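The values are calculated or read from the model by the stated rules, or taken from the named source; none is laboratory data. Fair warning: this is a prediction, and the values are worked out from it, not measured in the lab. Note that each Cβ is placed from the backbone with ideal geometry, even for glycine, and that neighbours are counted across all protein chains shown.
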Amino acid sequence: MANQADFDRFLSNIEPSDSTVTYISSVQNNLRGYLRNHMSYKDVYVDSFLSGSYSKHTSIRPAKGDKKRDVDIIVVTKHDNRDDSRTVLKELYDVLIENTAYKTAERQHHSIGVELSQISIDIVPVIVDEYDFSLYYVCNSSNGAWEKTDPKGHREWSTLINQNNNNVYKPLVKVFKWWRRIHCPKDVKYPKGITLETIIANNLGDSSQSTEDLFIETMGKIVSSYKDDYADKGLVPYIDDPSDKIVGNNLLDGYGGKDFSQFIYKLIEHLDLLNTGGTENDTWRKVLGDAFPANEGRSSQYAFDLCSKATHRQKPVWPMSHGGVAFVSVRVTDQDGREVDYQSNGNPLDKGCSLCFIALTSVKRPFIVKWQITNTGAEAQRANCLRGNFEDSDNGAMGKKESTSYAGSHSVQCYIIKDGVCVAKSRDFIVNIK
C-alpha cells in the first residue's frame, strides 16, 4: 500500500500552480471585460461567470499541449428562445475574432473555443429561463434550438456531495481527471466534466477511507455497475443530469458504446494491475503517472513468504475463476482510541490495537466474502491460534474485526465467492506486530 502522505503529495503535485491560477484569472477577466465593453455586444451582454472545473474547484494542472477545454465561461445574453441559437453563436464568434487575442476562435456545438497559451477556453452564450433566472439554455448548433443547462446548480450539487462525504469527493474527482488525462486515447471519448463527476458521485466508495482505498473502491463500484450490462454488450448507460431542474438529459448522450466500453475496460486493467502487482508506489505510478511519488524504500519480502508458505495455511476449497478483483483495506485504532495510519507490511504495531478489515471488490452483487487469517510466530503457536482456515465476515457483509495480539508477521486475505466459485481474491495484507 502507498500511504496517505504519498497521495497527499500526489494531489499537491496535480494542483494548478499559483501562477497558473493567476494567469487564468487574468485571461478570463480580460475576455469577459472585452465582451462586456464591446461597442455592439454590450447591448446583448447581461452577465458572465466562470463555470466548469475552476468554478467547482476540481481543476487539475494544465498539461503542455493539452487541447482539452480547461476554462468555461458562461455569457448571459438578452436573447430569448425565439432567436436561432446558431445566429447567437455566430454573433459571439464574430465579436471574438475582431480581437487579435482571440483569432483562434472556433465555433463548436454549444460554444466558441479559443486556444491561448497553455489554456483553452470555452465561451458559452446562454439565454435565461423566463421563470427561473438561475436556469439557462445553451445553443444547439445542429438545429438552432436551445437546450437546458444548470451550471450554477451543478456547482451547488458538487459542493453538497463534497460536504456530505468528508470533503473527499472533489479531491477524488481530481485523481480521476488526472487518470483520464494520462490514459484516454486520442481517438476515444472517455467520460469527462460533469459526466465523469456524476459517474463518480453515483458510485462513490466509503468517504471515511484513505484516498487510496476510496479510489480503488470507487473504481470497483463503477466497473460493477456498468461492465456486465453495458460495457460487455457495447451499450451506453443512461446517466441522469444531477440538476433537479433538468429532466430527461442523458449525460452520456453522444458517447459511443466503444468509447464507454474502453473506459470501463481501462479501469478493469488497472484494478487487475493493482490486484496482481500490489498497491505499492511503483504500481501507482503506472496507474497515475510520474506525478505520483516514487518508492523511498522497498518493503521486505520475508513476511510475505513466511505467511504464504506456512504449513497451517489451508488451500482454497472453491473452484477458482477470474470475474473481478479484490483488495483489503484496514483501519487501525490504538488502545487510546487514536487512529493509526498503517500500510501492508508496515512498521510493527503495538499490541492491543483494534483492526477493522474491509473487502473492496469490483464483483457485482450478490456474493459472499470469506477471510483467511494466517498467524505466525511462537506466541500465536503457544496460544493455539495460528489459524489459516477460512472464516465468515463478522462486521457486516464485507468486514472482519481483529486485534494485534501476537508478536510476529500475520496475513489477511479476502476471497469473493459467487455461486460457489471464487471469482476474486486479494493479495496478502501483512500485519506486523511488536
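Under the condition of being outside any helix (DSSP H, G or I) and surrounded by 21 or more Cβ atoms within 10 Å (Cβ to Cβ), the residues counted in segment 185-208 number 3.
With respect to being at pLDDT 95 or above and either of a type in the set (Lys, Arg) or not assigned by TED's automatic domain parsing to the domain that holds Phe133 (or both), Asp94 falls outside the description.
Of all residues in segment 165-183, those that are over 13 Å from the mean Cα position of the chain (by Cα), in contact (Cβ under 8 Å) with a residue 12 or more places away in the chain and not in a helix (DSSP H, G or I) total 2. When Ser158 is tested against (1) of a type in the set (Gly, Ala, Ser); (2) assigned to a helix (DSSP H, G or I); (3) not assigned by TED's automatic domain parsing to the domain that holds Gly256, exactly one condition is not met: (3).
Within segment 118-161, the set of residues being of a type in the set (S, T, N, Q) and within 28 Å of the chain's Cα centre (by Cα) comprises Gln118, Ser120, Thr149, Ser158, Thr159.
Starting from segment 379-400, keep only residues that are within 25 Å of Phe327 (Cβ to Cβ) and of a type in the set (D, E, K, R), then list their pairs with residues that are modelled with pLDDT of 95 or more and assigned to a loop (DSSP other than H, G, I, E, B) whose Cβ atoms are within a distance under 9 Å, requiring at least 6 positions of separation or different chains. Cβ pairs passing all conditions: Arg387/His312; Arg387/Arg313; Arg387/Asn375; Lys400/Ser393; Lys400/Asp394. Among the residues of segment 268-294, those identified as touching a helix residue (DSSP H, G or I) at 6+ places or on another chain (Cβ under 7 Å) and assigned to a loop (DSSP other than H, G, I, E, B) are Thr279, Gly289, Ala291, Phe292, Pro293, Ala294. Residues in segment 330-351 include none that are outside any strand (DSSP E or B), within 24 Å of the chain's Cα centre (by Cα), of a type in the set (Val, Ile, Thr) and closer than 18 Å to Cys414 by Cα.
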